[in-house]
Structures are given as C-alpha cells and as structure tokens.
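S.K.: Sharing a structure here in structure tokens format.
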Amino acid sequence: MEALRLGFDDCGISRADFLEFDSERLKTWLEKGYHAGLGYMERNKDKRTDPRKLVEGAKSVVSVIMNYFHSQNQQDHGAPVISKYYYGKDHHQVVKKRLSELLLFIRKMIPGSDGRVFTDSVPLLEKAFAARSGLGWIGKNSLLLTKKYGSFIYIGDLIVNIELEYDIPVKDHCGTCEKCIRACPTRALIGERILDLNRCISFHTIENKTDSMPENLRGLFRNRVFGCDICQDVCPWNRKLKSHAVEELNPHPDLLYMSNREWHSINRERFNELFKGSAVKRAKFEGLRRNLDFLAGS
Ligand code: SF4
Ligand code: SF4
C-alpha cells in the first residue's frame, strides 16, 4: 500500500463524522481546567471533533502512524533526559512531507479527489480518529496504543472529500493494567485516560511558555528536561519494540552521549548544533535553559 511505501507503519480510514463521545469528554476536560490554560485547546473546539468543520466537503479521514521508537537510551544515567519524541528532526515536517505525497497519489488515482494534510499542529483529535480507524486504542495514559508499535508513534491525517472503505476500531487491550497511572511521578494521570496538564512534566517542559515552573512539582521531574516518557516506558505494550528505520528521526550523534555536566553547561551554539531542524528549537535555547535550571533546583 502506498502509505507503507512512503514510510508510514500503518494506515487506517474512518468516516469524517462528528465524534460525540470525544466531544463530551473534551468539554468536561476543559471545564475542569485540565488543559492548564492552553489557549489553542480552548479554541476551535467544534473543529477538533468534526472534520467537516475543518475541511469543506470532508468525507473521510485517513490516519497514518510512524514508529519513532529508538532502542538506544542516553548513556549517562545521571544526565537530564529528553523524550524519544524529540530525538530526531521535527516530526511535523517528516510526517507532513510523506502525507503530502500520499495526497498527491490519491489525487492522481481518483479523479476529483482532494484533501488536506494535518499533523498534530492543527485542531483535530488525531488520537480519537486513529483509534476509530482501527490503528489502536487509547491507553490509560491517554496515548494511542498499538499492538505492533506500542505508543512511540507519530500520528498524521489526511482529510479527503471522497468516500472510502472504512476500518473497524480495535478492542481496548489495557485490561486491568494501571502501570502508567501508578508510574507517573507527578500524579498527572488522575484517572483512566484523564490527563491533568497542570501536573504533567511533558506539558511544563515543552508547552509552558512562561518563565516560571510549578513549585508544587519541584523535585518530582525525575530529571526530565524535555518531554517525559515515563508513562510509556512502563507500558507492557512498549516492551518489545523495534527501532524505526527513518534516517531523519535519528538523533544528533552526540545527543545520547552527553554527560550530566555537558547538559548543564550547554550554550546557545551547542544547542543550535544539537537540535538543528528539531522541534526542540521551538522551545528556544531559553526554554531548555529554564528547564535545566529547574532540574538543578535554581
Ligand atoms: S508524560 Fe510524564 S508527567 Fe505526563 S502523564 Fe506521563 S508520566 Fe506523567
Ligand atoms: S501501562 Fe497498562 S494501562 Fe497504561 S497504557 Fe499501557 S497497558 Fe494501558
């Protein structure tokens, strides 16, 4: 299939309908303030759960996933830890480039077809649509979980104006497991599939654009400097994963070998070198420095 040839690991298709259940959940989540004041989560609520409000004439959502798992971890166990999500080049670009090629292919194959490409930079409940298209289920850590690729996966979508053959959702395979909920050091998973961003390390190290970090969580970050994989690392479905084979997703050769001292003495020049083309650059040098200082207790 073309999506696999382009480098995606799986692809599923769902009808471009209103997600009633997810819309209710999103509403409650926002009302309770679990989005930590993130403006973009509040905006375009309707578009998030209804692709027809995002793209005129939308009929189908083609969801794709790309494995970003890297079997090698950082060598200095005392060094600040960066999430695998950010090891390589900016995944928005990596996924978007391939999705655009997939759209071109569809347009060529089906006269009159058209659509738009989305990565997680737009208001669409990507995980919900991916689950609906049978790619996996939403785990209790609130991430999309697949049997074959676990949860270390990027998600992308094509919203197209044609009817396609739709896939069937898969069963939830979390069962009675609660490892992710118990492992979260800041107690950010406050229930099954309910994440309170106010307490989430990923949120604070990436999305929190203020100068201040949460004093009530000081000492609980387990040395996570950019993102946090703890609730994924403990998941049984992530135990036997194979590394991806996408060159652009490999880290800078030095990144996994940096010592604790090198991390804490990082300067702007080194930052630019290590994270050239990476999504970490969106947080800017100042953002990373703020996170390092917070970990160091200053
Ligand atoms: S990313 Fe980290 S802080 Fe956030 S829910 Fe998972 S384990 Fe908790
Ligand atoms: S750790 Fe257990 S409960 Fe959490 S997502 Fe994985 S299987 Fe589900």
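The numbers here are math on the coordinates, done by the rules we state, and not lab data. What you see is a predicted model; the values in this text were computed from it and never measured. Don't worry about glycine lacking a Cβ; one is built from the backbone with ideal geometry, like all the others, and counts go over all protein chains shown.
S.K.: Given only helices, namely DSSP H runs of n ≥ 4 each adding -39500 (n - 2.57), what is the per-residue ellipticity at 222 nm of the chain, to the nearest 500 deg cm²/dmol?
M.R.: -7500 deg cm²/dmol
S.K.: For Glu101, Glu286, what ranking results if the residue with the fewest other Cβ atoms within 10 Å of its Cβ goes first?
M.R.: Glu286, Glu101
S.K.: Next up: Given the Cα-Cα distance of Arg261 and Glu163 and 0.36 nm per residue of separation, how much length would full extension add, in nm?
M.R.: Taking 0.36 nm per residue and subtracting the Cα distance, the gain is 29.7 nm.
S.K.: Give or take rounding to whole Å, what are the principal axis extents of the alpha carbon atoms in the chain, in descending order?
M.R.: 58, 40, 34
S.K.: Something else: Suppose R0 equals 41 Å; then what is the FRET efficiency for Glu24 and Thr210 from their Cβ-Cβ distance, rounded to the nearest 0.05?
M.R.: 0.85
S.K.: A further question on this structure: Once phi is turned into θ = phi - 60°, what whole-Hz ³J(HN,Hα) does the Karplus curve with 6.51, -1.76 and 1.60 give for every residue of the stretch 259-268, x standing for Gly and Pro?
M.R.: 7, 4, 5, 4, 4, 6, 9, 4, 10, 4
S.K.: On to the next question. If each of Arg268 and Glu2 carries a label point 7 Å out from its Cα toward its Cβ, how far apart are those two points in nm?
M.R.: Computed distance between label sites Arg268 and Glu2 equals 4.5 nm.
S.K.: At 0.36 nm per residue, minus the direct Cα-Cα distance, what do Cys177 and Lys284 gain on full extension? Give it in nm, one decimal, please.
M.R.: Length gained between Cys177 and Lys284: 34.8 nm.
S.K.: Applying the Karplus parametrisation 6.51 cos²θ - 1.76 cosθ + 1.60 with θ = phi - 60° to the phi angles of the stretch 230-242, what ³J(HN,Hα) value in whole Hz is obtained for each residue in order, glycine and proline being reported as x?
M.R.: Listing the rounded values in order: 4, 6, 9, 4, 7, 6, x, 6, 9, 6, 10, 8, 9 Hz.
S.K.: When the Cα atoms of the stretch 166-259 are enclosed in a convex hull and the volume is divided per residue, what value in Å³ results?
M.R.: Per-residue hull volume (Cα only) is 191 Å³.
S.K.: Now a separate question. Taking Lys140 as the anchor, which lysines have their alpha carbon closer than 24 Å to its alpha carbon, excluding any fewer than eight residues away along the same chain?
M.R.: Lys27, Lys32, Lys45, Lys84, Lys127, Lys148, Lys171, Lys179, Lys240, Lys242
S.K.: Karplus couplings for the stretch 78-95 from phi (6.51 cos²θ - 1.76 cosθ + 1.60, θ = phi - 60°), rounded to Hz, Gly and Pro as x?
M.R.: Along the stretch 78-95, the couplings run x, 7, x, 9, 10, 5, 4, 3, 10, 5, x, 5, 3, 5, 4, 5, 4, 6 Hz.
S.K.: Two decimals is fine: what's Rg over Rh for the stretch 30-93, C-alpha atoms, Kirkwood radius as Rh?
M.R.: Rg/Rh: 1.12.
S.K.: Angle between the Cα long axis of helix 20-31 and the longest principal axis of the chain, 0 to 90 degrees, nearest 10?
M.R.: The two axes meet at around 30 degrees.
S.K.: Rounded to the nearest 0.05, what FRET efficiency is calculated for Glu248 and His77 with R0 set to 45 Å and r the Cβ-Cβ distance?
M.R.: 0.95
S.K.: Give the distance, in whole Å, between the Cα centre of the stretch 217-289 and the Cα centre of the stretch 8-57.
M.R.: One Cα centre to the other: 28 Å.
S.K.: While we're here: Just the C-alpha atoms of the stretch 85-211: what Rg/Rh do they give, with Rh taken as the Kirkwood radius?
M.R.: Value, to two decimals: 1.02.
S.K.: Next question, about the same structure. Would you kindly calculate the translational diffusion coefficient of the stretch 1-139, applying Stokes-Einstein with the Kirkwood radius from alpha carbon pairs, for 4 °C and a viscosity of 1.567 mPa s, and quote it in µm² s⁻¹ without decimals?
M.R.: Estimated via Stokes-Einstein, D reaches 76 µm²/s.
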